[in-house]
Each structure stands twice: as structure tokens, then as C-alpha cells.
2 protein chains.
Amino acid sequence: MPELLPALAERRARRAFEAKPVPDDVQEVLWRAVSVAPSHGNTQPTRLLVTMSPGTRDRMAEALTEGNRAWATAAPLFIAVAVNPAHAPPVKNRDGSERDLWQFNAGIATGNLLAQATALGLLAHPMAGFDEAVVRDIFGAPPEIRVLAVLAVGYPGSPEQLPEDLQAKETAPQRRLPLDHLVAGDRWRPENALSAREHSGGKSTR
Amino acid sequence: MPELLPALAERRARRAFEAKPVPDDVQEVLWRAVSVAPSHGNTQPTRLLVTMSPGTRDRMAEALTEGNRAWATAAPLFIAVAVNPAHAPPVKNRDGSERDLWQFNAGIATGNLLAQATALGLLAHPMAGFDEAVVRDIFGAPPEIRVLAVLAVGYPGSPEQLPEDLQAKETAPQRRLPLDHLVAGDRWRPENALSAREHSGGKSTR
């Protein structure tokens, strides 16, 4: 059996960071990983709002939910994944219905960035729990800019640095749906219709 | 300067396929690459509609736009990236506005799949030009399933197999925005607001 790429297999959304900063040349490789990502019609809509100064980095705490603030403020670097949806217009189905692809494009680019970060020995933890307006305000981004995710980025630290309730999460097994739930070979099956929540019996799987 | 991961650097949306099929154990590594992708709240909404039989593979031509049909029908394998949006509910900003993340989640998973395919020596070409309803019909997927992309997958072939107008595209340089257009360090700048189309002087960049 061929092997899963280590840059994918070894990625985990851990929470403990070392204080060590991420050097500029290492950051630039992350930007290049985003740059080479494909996008429909080569629209390249993904932009990265990056904390350069300690002042900007510290302000990001204001944008985060309390749950994320408990660990993510230790990250030396934040990268917000942002898009102007007008840069990547929807495509049309035959009946005229539309398919938005700007979030999908930004997702592929973020997948690239996460794989590249893992390959460089970095921890990059994507967060959905933040306020878009606060992130826009911190960077002076215009109101049409949507912020899809904020990544807390740095070198991995030791779990002991974390609040006790988060330490166990660092080493808990990764919970995933079985492959036959993800894949419909030739024909959609009842398993494909189950959400992760339904599969785990009503409990969140994370 | 650290190096860009070859699985990202060597990916190109080429169009020439060898007839050689993609072995089952190779396909399974692609599914695993999707399985390990992160998703908000571990919702794992991405499903893959995969052509197993030659009959299903051949029917995919019906779903494609004419432009894609000209080359993609030579691919031995199609993978449609599908999501039930209800599996990954939106997150809320502080003002109650919502942020849809199902497409973003599927994008990260697709980024993983493309990197894994490249690492395995495969060509995986994502297409936006197809009809969602036809894809749903081919696989018997219910109407709530959204199809974001169809990937034409196989081993790379020789450009000479392609219609003449497509041969030049195989070796054309990859056109990308400069990195300083993608990245806003601490502060949003006018370059960040330019679309790829505006940057290339009104011409499509692909």
C-alpha cells in the first residue's frame, strides 16, 4: 500500500506553542504554498492577513472566542485567510443555478499552507471561532473582505504549558469517519448521508 | 531558504492522461488524504463520488462542459467533491452574521487530495465546468448534495495526444500573482485589493 504523505499524516490541530518566532524565510515558503494552489479560472482570490509586529499579534486576541483565546494567544504568528468574493465569480449550472467557489478556492490554498507548515515542522491550527469584523479592523481591510479562518502558527511546544483541560486533547486519537462513509463508488449509499454527528451517536466528534 | 514541498510545487492542472488505470490501493491513499483533513468542529462534510465502473466513468462526459470534454474524457477516473451543507452548519460572528464553511472544508480536503495525488505521480485536474444535477443523477445522490468540483484523475500522458490548441497549455508557465499581492503584513494594502484579472490588465490569466 502506498503511503500517506507525512505532511498530511502528521498534521494535527495541537494547541501548545513554543515561544520561538517563525523566521521570515520560513513564512515565505508558506505564502508560496498558497500561491501555487489552483483556483477556478486561475482567479487566485485568497489573501493572507499576517501579523508581523507584536502589536498586531497581540490585538488578534480581541478577535478570538474565549475558547480559542485560552491557548492560541501563545502562538507567535497569526494568519487570517481572507477573500474578496467578487474576485472569483460563481459558475453556472445548466439550469442557471449558481455555484460559489471562492470559499472552496481558499480552502485548497489553506490545505496547501497546512501541508507546507507541517513539512516545515510547524504547528498551524485553523480556527473558525473569531469575529470577522474585528479581524478586518485590526488589518484595516475593507468591508467586502470575508475572513474564513484564522490560523495560529508556530513551533510545537509541550502539552504541560496548556491549561489542564486542554492537555488531554493534545494526545487524544484523531476521530474520523470510516472511509466507506466518505466515498460513494459509482452509487450514493445510506452511509454517505450520515453526518459526523449522527455517526458518533449525537455527540460532537471533537 | 527552505523548500516548497514537491507535492505542491510539482502539481499542475495538465490535460494529457495515460490510459493506465489507477489501482485500488492508490485510490485508497487519496481517500485517506481527504479523511485526515481538518474541518470546523470536526464536521467532516466532504464526500467523494468516485467512478468505479467504465459505465459510470463514460457517463461523466455528459456532465462536463464542451471545453472540458475535449480532454477530460481520456481520464481513467473521475472524483466529484460533494457536500451536504447541513452537515457543517455556519459559524456566527458577534453581530449574528453567518460564515459558511462547508465549501472551505471541502477545499482543504481537496487540497490534501491534490497534494497526495501529486506525491503518487498522478495527475489530478480539478474542473469547475460541469453540471451539478447531471453528476447527482449519475451517482443517484439526493438533491441536497452540492457538487463543488470534479477531478479528472490518472497518470500523466504525453501532450501529443491532445488536440493541437491544448498542447501549448501543457507546458505554458504557471501564471501567479506576486507574493506581495497575496500577503498583507500587519496592514491591508492597495495591491491586496487587485483581482488576478485586474493585475493582468483585464485579460483572463488562464
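Before we move on, is residue A:52 at pLDDT 95 or above and buried (at least 21 other Cβ atoms within 10 Å of the Cβ)?
No: the conditions fail for residue A:52.
The numbered conditions (1) assigned to a loop (DSSP other than H, G, I, E, B); (2) facing chain B (nearest Cβ under 7 Å) are all true for residue A:21 except (2). Entry remark, the stretch A:144-188: residues being closer than 19 Å to residue B:110 by Cβ, under 19 Å from the mean Cα position of the chain (by Cα) and open to solvent by less than 50 Å² (accessible area, probe 1.4 Å) number 3 in total.
Please indicate, with yes or no, whether at least one residue in the stretch B:50-66 is more than 7 Å from chain A (Cβ to nearest Cβ), of a type in the set (Gly, Ala, Ser) and assigned to a strand (DSSP E or B). Within the stretch B:50-66, not a single residue is more than 7 Å from chain A (Cβ to nearest Cβ), of a type in the set (Gly, Ala, Ser) and assigned to a strand (DSSP E or B). A single entry from B:69, B:15, B:32 fulfils the requirement of being among the basic types (Lys, Arg), open to solvent by 60 Å² or more (accessible area, probe 1.4 Å) and more than 10 Å from every other protein chain (Cβ to nearest Cβ): B:69. On inspection, residue B:107 qualifies as modelled with pLDDT of 95 or more and at the interface with chain A (Cβ under 7 Å from one of its Cβ atoms). Touching a residue at least 12 places away in the same chain (Cβ under 8 Å), more than 7 Å from chain A (Cβ to nearest Cβ), within 30 Å of residue A:125 (Cα to Cα) and of a type outside the set (Phe, Trp, Tyr): does that describe residue B:123? Here the answer is yes, as residue B:123 does meet what is asked.
When the stretch B:85-103 is limited to residues that are within 7 Å of chain A (Cβ to nearest Cβ), in contact with a helix residue (DSSP H, G or I) (Cβ under 6 Å, 6 or more places away or on another chain) and without any contact (Cβ under 8 Å) to a residue 60 or more places away in the chain, the one that is surrounded by the most Cβ atoms within 10 Å (Cβ to Cβ) turns out to be B:103.
The values are calculated or read from the model by the stated rules, or taken from the named source; none is laboratory data. This structure is a prediction, so every number in the text was calculated from the model and none was measured. As a convention, Cβ positions derive from the backbone with ideal geometry for all residues, glycine included, and neighbour counts pool all protein chains shown. For accessibility, only protein heavy atoms count, side chains too; no ligands or nucleic acids. Shrake-Rupley method; radii C 1.70, N 1.55, O 1.52, S 1.80 Å.
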